[in-house]
Amino acid sequence: MKKKENKIITDDIMIEVEKISMRFNLGIEKGFSLKQGFINLFNIKKRKELKAKRKKNVFWALKNVSFKVNRGEVVGFIGANGAGKSTLLKVVAGVMKPTEGNVDVYGNICPMIELGAGFDPQLTARENIYLNGAVMGYSKNLIDLKFEEIVEFSELREFLDVPVQNFSSGMVARLAFSIATIVDPEILIVDEILSVGDIAFQAKSEKKMMNMIGGGTTVLYVSHSLAAIKKICTKVIWLEKGKIKMVGGTEVCDKYLKYMEGK
């Protein structure tokens, strides 16, 4: 049992999301200056116009989202583009801080979101293995130990000393996936990862992920492939316009598909 701020958390709970909301302001002020801001302080009409404009441009990517994930669960998130799936994963991973609500995570996380985002394009693949590994919290000794495994899995040995800026997007994703999966994390956060590389590498990536799941890793998985969600997930959460519309087993996929076909 775990205790956090007068709450009793069972050892089975790995992630607890409570009333998460995420707000973005889509408006970008043009021609703003310190002088203009000072003038606006004394212009009541202008201040009202700016306030109305900001309010109009507010977008809630997530609104009052709550759920729990138990140890070993593989939770799939489905929904249309803009439903808030990727934003939610970034909030859970700690990449973004929610506007409202709390996220408690009880275990080390491996976030596979926007693969290759931490690479320096001017450095070689060899150098980026160490750079990206350090960003993910791996020690140099661990990377030294796993270096050959990373290279072998990525199938990029002949490109080790080529700057990453010369890589295709698929090659970058393959290298990033190979680095991210050198250890088995307690919690794996995945955003459309099984679409990286060619068909053969996709199959290898899926097998690697399934091995991690089989080892008891807790997984949060976003995908537009309902077949992939049905294949690997034990729970499905359907997001619609930033809110949870339905939670259940893989039957949620069928209800979502029927809903989308009827639109």
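The values are calculated or read from the model by the stated rules, or taken from the named source; none is laboratory data. The structure presented is a predicted model; accordingly, all values stated were derived computationally and were not measured. Cβ coordinates were reconstructed from backbone atoms using ideal geometry, including for glycine residues, and neighbour counts include every protein chain displayed.
At-a-glance table
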{"quantity": "Residue count for the stretch 94-147, restricted to those that are part of a helix (DSSP H, G or I) and not charged (D, E, K, R)", "calculated": "14"}
{"quantity": "Candidate set from the stretch 164-197 (those that are in a loop (DSSP other than H, G, I, E, B) and more than 23 Å from C233 (Cα to Cα)); member that is modelled with the lowest pLDDT", "calculated": "S168"}
{"quantity": "Unique residue being touching a residue at least 12 places away in the same chain (Cβ under 8 Å), loosely packed, with under 15 Cβ neighbours inside 10 Å, under 26 Å from V75 (Cβ atoms) and acidic (D, E) when the list is D184, D254", "calculated": "D184"}
{"quantity": "Any hit, the stretch 115-132, residues being touching a residue at least 60 places away in the same chain (Cβ under 8 Å), within 24 Å of T181 (Cα to Cα) and surrounded by 13 or more Cβ atoms within 10 Å (Cβ to Cβ)", "calculated": "yes"}
{"quantity": "Filter pass, V252 being of a type in the set (V, I, T) and not in a helix (DSSP H, G or I)", "calculated": "no"}
{"quantity": "Matching residues, the stretch 153-163, being modelled with pLDDT of 95 or more, over 16 Å from F119 (Cα atoms) and acidic (D, E)", "calculated": "E158"}
